[in-house]
1. Residues that are within 15 Å of the chain's Cα centre (by Cα) and charged (D, E, K, R), at least 2 per element: which helices (runs of 4 or more DSSP H) completely within the chain meet that?
2. Any residue in the stretch 1-28 that's closer than 13 Å to residue 81 by Cα: show its pairings with residues that are assigned to a helix (DSSP H, G or I) and of a type in the set (Gly, Ala, Ser) at Cβ separation under 9 Å, as long as the two are six or more apart or on different chains.
3. Could you grab the pairs with beta carbons closer than 6 Å, sequence gap of 6+ or different chains, first residue in the stretch 35-64 and among the small types (Gly, Ala, Ser), second one in a helix (DSSP H, G or I)?
4. Tell me which residues, restricted to the stretch 74-92, are β-branched (Val, Ile, Thr) and touching a residue at least 12 places away in the same chain (Cβ under 8 Å).
Amino acid sequence: MIMIQLLTLLLKVVQVYSFVLVAYALMSWFPGAYETKLGQLIIKISRPYLSLFDRLNLSFGPIDFTIIVALFVLNFASKGLVMFLSRILYGI
């Protein structure tokens, strides 16, 4: 029972972090959004994870696909971890 709650909490944290990454991407559309207090907080939260993907050079012209790839990896890894732990613990 506790493991189910922990796995649910993990998925919720990943969902919230995904929203932070989307907000980071959307802030690029608004001039000066990164300089606001909220913008600085979102940068502090999202840049450590996004910096893992910077060396992949996912920019094609003016479009940067780093955030999209980061979101896919984050969600794929979290769902994979939940499935792996479910199979180990419950044989599902």
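Values quoted throughout were computed directly from the atomic coordinates according to the rules given, and no laboratory measurement underlies them. Every value quoted in this text rests on a predicted model; they were computed, and no experiment measured them. Positions of Cβ are generated from backbone atoms using ideal geometry, with glycine treated the same way; all protein chains shown enter the neighbour counts.
1. Of the helices (runs of 4 or more DSSP H) lying wholly inside the chain, those with at least 2 residues that are within 15 Å of the chain's Cα centre (by Cα) and charged (D, E, K, R) span 37-50.
2. Close Cβ pairs (under 9 Å, with a partner that is assigned to a helix (DSSP H, G or I) and of a type in the set (Gly, Ala, Ser)) amount to 3/86; 4/86; 7/86; 10/78; 11/78; 14/77; 14/78.
3. 39/27; 39/33; 46/20; 46/21; 46/24
4. Within the stretch 74-92, 82 is the sole residue that qualifies.
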